Each structure stands twice: as structure tokens, then as C-alpha cells.
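Throughout, read-outs are computed from the coordinates displayed, never taken from laboratory work. Predicted, not measured: the structure shown is a model, and the values here were computed from it. A quick note on method: Cβ atoms are made from the backbone with ideal geometry, for glycine too, and the neighbour counts reach across all protein chains shown.
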Ligand SMILES: C[S@@+](CC[C@H](N)C(=O)[O-])C[C@H]1O[C@@H](n2cnc3c(N)ncnc32)[C@H](O)[C@@H]1O
């Protein structure tokens, strides 16, 4: 088993190296944030610990626990950085609303046809809210949704099935099967994006669509209000540096990885749309204000659940994380920080006649070079 890594409790020398890496990444020391709030040892900050343990899912599922928050089950060796309890689930559901607002009420941008879309797959489905909405809209489509954490929605449309599966490993689905594969918000969860999209392509029918919706972890502003040393300005640095330490990239957006991986997978007709998602109710435009208000709500719902593991990876204590979280919330509420983060939707089609093998599973079924040689000799 490859356990979810806990913060390193190693030698002073290693800690120094870690501190230096964090400083080089532009991350302020954790103590900075208590000074911002003018506090030293405020025990009342920890009251929220009791709340978060109250909201755990029933113990029928065996989860990993860090500081009273649960993470994905120990039955998988996958590594995922956010919590999986109800507090986090509510945040994901609000975020689903943010994503659909950004797509003007649509669930996807691929040019799907209800008559020909017979099978669809949602990878890393979270609470399953996107898959449920999609299955409701595409009632004739057989929809499957996978995750490493069991999904327990109160209502499941009859054409939707949930399965436990690690997307970074071989998928237990037939090749050339799905008409649509949807992947949203897996930044920091994918070991190899090129391999993931190759795998998706192998499991797609010719003519099927793959759609990827990802976000940047970096909070920006056009007017300089989000400075490098603000809590919001530090957010992305903590994710990128924390991800570097536990071996998962959080720069899929910055690297343009969605398009690159689709091209490598042999997909064609690739299109993309970039989104600037405001954080907070600061925008003057009504639509942007609505998006920003919901984004703030999604983040405030579980700021701790998003950052706790990443900050721990950098050696922060729970108390330091909670103080930083307070600073993030204060900035989001102040309306002085005109923050936004970028998101990108990229979609592409599997061609009728792919140029060559486009994935590990396809490679298995492709004729061997010896067989090809024999065929040409015949
Ligand atoms: C940020 S949530 C996004 C959920 C959903 N796609 C959405 O947009 O609402 C990421 C989800 O990916 C799941 N996940 C993380 N690593 C995974 C893996 N290796 N295989 C499958 N799912 C994974 C997590 O359990 C979590 O539910």
C-alpha cells in the first residue's frame, strides 16, 4: 500500500531543506498568518475541529483521517489531497453550480447528439452531481461514474451507475466503448495526464468525445489587489509546492496539458475555452458577481478541507492551517481583493481512423511488429 503521505517528521537537516524549498517557492512562513490576525495562541480556533468530526460519513467506510477530517479509503493506494466528508461534498456541489454558470448553464461543450450518445463515463465524479445531471438530461444514455471514494447520493437516475476505480490504473471497461468521457477537476490527482487521455481514447468509440475541465490553483487579479504576500496570493504556491513534494502536479492549466495530452492521444477537432472565475462578490457585472459569490461560498464551505493536507505536506500544524484559512476568508469577504482563478475546458474527438495506437489498452490489441512484418511478407 502506498499510504497518503503525512507531513514529514524527519531530521532537522531535512526540515531545513524543506523550509528552503518553500522559501524559494515564495511561500511565507506559517507564523506570518497569526501576526496578520494579531493573535498568538487562540485555542477557540480549534472549536471547528469538533464540528468537522461530527460530520463524518458513517463508519461503514474505512477512511484515512488527518486532524479529524477524512480522506479517501485505505482500500486504494491512490493519493488524493482533499477531504471526502459531507463538508467537502457540499463545497463540491456548490462548485458544480459555479462550473455550470461558467458554461452558461451547460454541463459540457462537446457537440453531443442525444440520439447517438449511447454510453458516457464521468471520471473522478466526486459527489456524482455532474453525472446525475447528465444522466437526467441524456435519459437514453447509459452513464457510468467512477471515483476512489464511494459515492452515496440520495437519488440516482436509473441510467446511472457508480463504480469504484482509480483512473490512474487500468480501467475495467471495454475498449472502443464510450461515446463521451468527461473529466472535471482532477488537478493534483493524475499521475500522468498523457497516459490518462490515451487510456480514455482507447476506451472511446471512434467519433466519441473527450472533455476535460480543469482549473489553475493560482489566484490572480488584474488590478494588483491580490499581491504575492496576500493569503489569496499564497494559495496557489502552497498547492504547487505541496504537490511537488507529494509527487502530483498542480500545473495542468499552466502547462497547457489538457490540449497536449489530447493531441498525443490522437484526438482531433480539439477546441478549448478559457474561463476567468471571480472569487467573491467584488465584480460589478451581474453574471460575474453571481459566479464570484458562489465561488466564495464553495471555498468558504470547506477552505480547510482543500488546504489542510497540502499545508501539512509543507510542515504546517493544524493550528497554523486554521489561522491561514481565517486570513483567506477575511480577504475573500473584504471585497478589496479582486481575485479570480483561470479554468479551461478542452474537448476533442476520437477520429474514425486513428493514425496509430493511441493508448496502452489499444497497444495491447494492436498487431505486434512481428505480426506486421509477417503480414507484409505475405
Ligand atoms: C475536486 S473533486 C472533483 C469532483 C467532480 N469531478 C466535480 O467536478 O465535481 C476530485 C475527485 O476526484 C477523485 N479522485 C482523486 N483521485 C482519483 C483517482 N486516482 N481516480 C479516481 N478518482 C479520483 C476524488 O476522490 C474526488 O472525488
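Please order 155, 337 by the number of other Cβ within 10 Å, starting at the fewest.
On the way: 155 8, 337 23.
Fewest-to-most ranking of 155, 337: 155, 337.
Mind sorting 91, 154 by how few other Cβ atoms lie within 10 Å of their own Cβ, fewest first? Walk me through the numbers before you get to the answer.
Working: 91 23, 154 4.
By the 10 Å Cβ count, ascending: 154, 91.
Express in whole angstrom the spacing between the alpha-carbon centres of segment 220-240 and segment 82-125.
One Cα centre to the other: 27 Å.
By count of other Cβ within 10 Å, fewest leading, how are 186, 37, 232 ordered?
Working: 186 20, 37 14, 232 25.
By the 10 Å Cβ count, ascending: 37, 186, 232.
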